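One structure is given below, encoded as structure tokens.
The values are calculated or read from the model by the stated rules, or taken from the named source; none is laboratory data. Just so we're clear, the structure is a prediction, and the values are computed from it rather than from any experiment. Cβ coordinates were reconstructed from backbone atoms using ideal geometry, including for glycine residues, and neighbour counts include every protein chain displayed. Note: accessible area is taken over every heavy atom of the protein model, side chains too, but ligands, DNA and RNA are not part of it. Shrake-Rupley method; radii C 1.70, N 1.55, O 1.52, S 1.80 Å.
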Amino acid sequence: MNGAPLLRLEGVRKSFRGVHAVTDASFAVARGSITGLIGPNGSGKSTTIDCLSGFQRPDAGRVLLDGQDITGLPAHLVARAGLRRSFQQVRLFDALSLRDNLMQAAQAADGVGWLGAVLRSPALRRAELAAAERAWLLLDQIGLTRLAESPAGALSYGQKKLAALAAALMPRPRLVVLDEPMAGVNPSRIVEVEAILRRLNAAGETFLIVEHNVDCIMRLCHEVVVFEQGRTLTSGPPAMVRDDPRVLEAYLGVPAAA
Amino acid sequence: MLRHLPPLLALLAAALLPALGASPYVLGIGITACIFTVGAASLNLIYGYAGLLSFAHLAFWGIGGYCTALGAVSLGIGFWGGLALAGLLNAALAVLVGIPALRLNRHSFVIVTLSFSLLTALVARDWVAVTGGPLGIPGLPAPELFGLSLRSPPRFYWLALAFAALSLALLRAVTTSRIGRTLKALRQNEPLAQAQGIAPTPYKLLAFAISAALCGMAGGMQVFYMQVVDPLILDFYYFQTFLVMMIVGGAGHFWAVVIAGIVMTVLPELLRATAELRMVIYGALLLFAMVAMPGGVAGALESWRDARRRATAERPDPVTAAAS
Ligand SMILES: Nc1ncnc2c1ncn2[C@@H]1O[C@H](COP(=O)(O)OP(=O)(O)O)[C@@H](O)[C@H]1O
Ligand SMILES: [Mg+2]
């Protein structure tokens, strides 16, 4: 968890016609960490994720992925650089089966071109075999194996969230960014999902997680970044952030008694 | 390999038609069915899979017709050279038209492709030096294979059948590959596909180019069947026919559109429908399909099957019911 950060944001700013959604997002995600991003509703967390994943072009500031400047890069190139994200409003290919959703998620990363795809080259078959194996593994971990052949649109909201998580993990990205992955997930499942994330993290995966469930963030994360009104308020280990009077104020809206 | 069996058997049966003593009239219907089915199936790739409604296919069809004819008549590259050129030229035109057409959104795509077809019709009529103007280029020679003229109905029928078989095989290979899956994924949720590293425009352009090339070559086949190319090749009738075949069969369903292409060529002939009546029939079918079966016949069958499956799933399983 040492060395240069895997992701760094420097003074990222984004407004929408006068709405200052993000005024100064500056934080880092250490390689090998689970970093949490919390803040009140409307504090600019999702917009920040859009900025760092190429879905919004920042008005100012820089985004560095593993030292490489990816500011303003289109989303598909950010993805190919090794950053995968999920969406707060869950997105899946509703008419494709759950399994095909996972297979589709891995495809741009395996380097097989159009010709190989049409001619069913040996490289394609190898890549698909590997992807199919990983899909089964992930489906097993999120407990949705029996729904593998169902259209993704038929899943419950919580199941969709889990499926989107699995899809983001499919290509073994360098960094996984999750926007409220636990929202709508059956509470009895949350601890299991935490265990999955911890296990993947132990295997070397880095996570940046926006989550409303603060308890979950405090249990899971090595580092927590707190947002308030579009800017980074503070960041640090969970225990430190929890006791920060400014955080209490941002969340409760009252100045903490000194 | 077994999944290739039914289409191969169907192809074999179709190839035996002349040997079974089919009349030139029947073979003519067969030729039209082959050519129109490729037109409908090519439209299916860009609309049924990629979700882009292209009116440019009328232009591709017409340009393919002129290009193949000019190849044989003026450029000295013969029917085959002209046909190949028609494919290449239309693929290139699709990219050129597709880039600005895809700039904005799916609606702008409709507008730009429609304008392209209207413009092409103007050029065909007014660029007299090349297209022969309203008179067109009459008296197209017979295609030849190894010095053998392919004019007689059985031979031209076999040519059209081979053309359709190869075109459909290519379309099938593309749509069943993960390119087909990606096209469907892009139509369903483009931002998600982008978040997974897919650049949308190249995929759409690829589908558009393949679709344009095949539709253009089908146009080349058509004018050599009629032995003349004139501005009537750009009549909206052709596009409407392909569109209705695709919509009624079920956009996005490969074999359904192929079958619709064949049935909807043969059926009006059985009814001895005139061209005008045929337009009325197609219009009525289109209206009926849009109201009663928005997913076409294939879509309707699918939802019926899904509903039945759900009904059986809800019934208690006799085995577990007995065991408990
Ligand atoms: N596309 C947009 N257009 C206009 N305003 C937006 C847009 N996206 C977000 N906002 C505004 O930016 C602010 C931050 O929103 P968001 O990033 O979704 O916050 P969070 O994810 O922390 O709840 C909100 O006031 C929201 O209304
Ligand atoms: Mg949000």
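Summary table below
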| read-out | value |
| --- | --- |
| Anisotropy class of the stretch A:62-128 from Cα gyration tensor, a/c 1.5 cut | oblate |
| Apportionment of accessible area to carbon and sulfur, chain A, percent (1.4 Å) | 53 percent |
| Convex hull of Cα atoms in the stretch B:57-209, direction-averaged projection (nm²) | 10.8 nm² |
| Kirkwood hydrodynamic radius over Cα pairs of chain B, then Stokes diffusion coefficient at 10 °C and 1.306 mPa s, in µm²/s | 76 µm²/s |
| Rotationally averaged projected area of the stretch B:1-125 (alpha carbon convex hull; nm²) | 10.5 nm² |
| Chain A: most fluctuating residue of A:ALA79, A:ALA60, A:ALA152 per GNM, C-alpha cutoff 10 Å | A:ALA60 |
| Sum of -39500 (n - 2.57) over DSSP H runs of 4+, divided by residues of chain A (222 nm, nearest 500) | -11000 deg cm²/dmol |
| Karplus-derived HN-Hα couplings along the stretch B:278-295 (A = 6.51, B = -1.76, C = 1.60, θ = phi - 60°), whole Hz, x at Gly and Pro | 4, 4, 5, 4, 4, x, 5, 4, 4, 4, 4, 4, 5, 7, 8, 9, x, x |
| Of B:MET264, B:MET245, B:MET279, the one that fluctuates the most in a GNM where chain B has Cα springs shorter than 10 Å | B:MET279 |
| Interface burial for A against B (accessible surface, 1.4 Å probe, total of both chains, Å², rounded to 100) | 2500 Å² |
| Whole-number accessible area per residue in Å² for the stretch A:156-258, which is evaluated in the context of all protein chains at 1.4 Å | 44 Å² |
| Structure-based [θ]222 nm, chain B - -39500 (n - 2.57) summed over DSSP H runs of at least 4, per residue, nearest 500 | -24500 deg cm²/dmol |
| Candidates B:LEU70, B:LEU170, B:LEU234, ranked by Gaussian network fluctuation over chain B, Cα under 10 Å, top entry | B:LEU170 |
| Theoretical gain in end-to-end length, B:SER23 to B:VAL110 [0.36 nm per residue, Cα-Cα removed] | 27.2 nm |
| Per residue, in Å², the accessible surface of the stretch B:141-272 once ligands and nucleic acids are set aside, probe 1.4 Å | 35 Å² |
| Distant-in-sequence amide H partners of A:VAL177 (H built 1.01 Å from N, under 5 Å) | A:ARG84, A:ARG85, A:SER86, A:LEU208 |
| Exposure of B:GLU269 as accessible area (Å², to 10), given a probe of 1.4 Å and all protein chains | 40 Å² |
| Per residue solvent-accessible surface (Å²) - the stretch B:1-63, probe of 1.4 Å | 39 Å² |
| Calculated over the protein assembly as shown: convex hull of Cα atoms, volume per residue (Å³) | 210 Å³ |
| Coordinate range along principal axes, alpha carbons of chain A, Å, largest first | 67, 40, 38 |
| Residue among A:GLN229, B:VAL38, A:VAL177 farthest towards the positive dipole end of the protein assembly as shown, charges placed on Cβ | B:VAL38 |
| Distance (nanometres) between label positions extended 7 Å along Cα→Cβ at A:THR234 and B:LEU166 | 7.3 nm |
| Nearest 10 degrees, 0 to 90: helix B:56-73 Cα axis against chain B principal axis | 40 degrees |
| Amide H partners (placed H, <5 Å) of B:GLY295, local residues excluded | B:ALA300 |
| Integer Hz, Karplus 6.51/-1.76/1.60 couplings in order for the stretch B:216-230, x for Gly and Pro | x, 5, 4, x, x, 4, 4, 5, 6, 5, 7, 6, 8, 10, 9 |
| The stretch A:54-159: GluC sites (Glu not before Pro) falling in loop per DSSP and having at most 13 other Cβ within 10 Å | A:GLU149 |
| Nearest-10 value in Å² for the accessible area of A:ASP243, using the 1.4 Å probe | 110 Å² |
| Aspartates and glutamates with Cα under 20 Å of A:LYS14, excluding same-chain neighbours fewer than 8 positions away | A:ASP24, A:ASP50, A:ASP59, A:ASP69, A:ASP179, A:GLU228 |
| Reach of A:LYS160 by Cα under 22 Å, taken over lysines that are not fewer than 8 positions away in the same chain | A:LYS45, B:LYS184 |
| Solvent exposure, largest accessible area first (probe 1.4 Å, DNA, RNA and ligands not counted), of A:LYS160, A:LYS45 | A:LYS160, A:LYS45 |
| The stretch B:139-276, accessible surface, carbon-and-sulfur percent (1.4 angstrom probe) | 68 percent |
| Partner chain coverage, peptide A:109-115 - average Cβ within 10 angstrom | 2 |
| For the stretch A:219-228, Karplus couplings with θ = phi - 60° (6.51, -1.76, 1.60), whole Hz, Gly/Pro x | 6, 8, 8, 7, 9, 10, 9, 10, 9, 8 |
| A:VAL224 long-range amide H proximity, modeled H, under 5 Å | A:GLY36, A:GLY236 |
| 0 to 90° range, to nearest 10: angle between helix B:106-126 axis and chain B longest Cα axis | 20 degrees |
| Rounded to 10°, Cα long-axis angle of helix A:122-141 versus longest principal axis of chain A | 50 degrees |
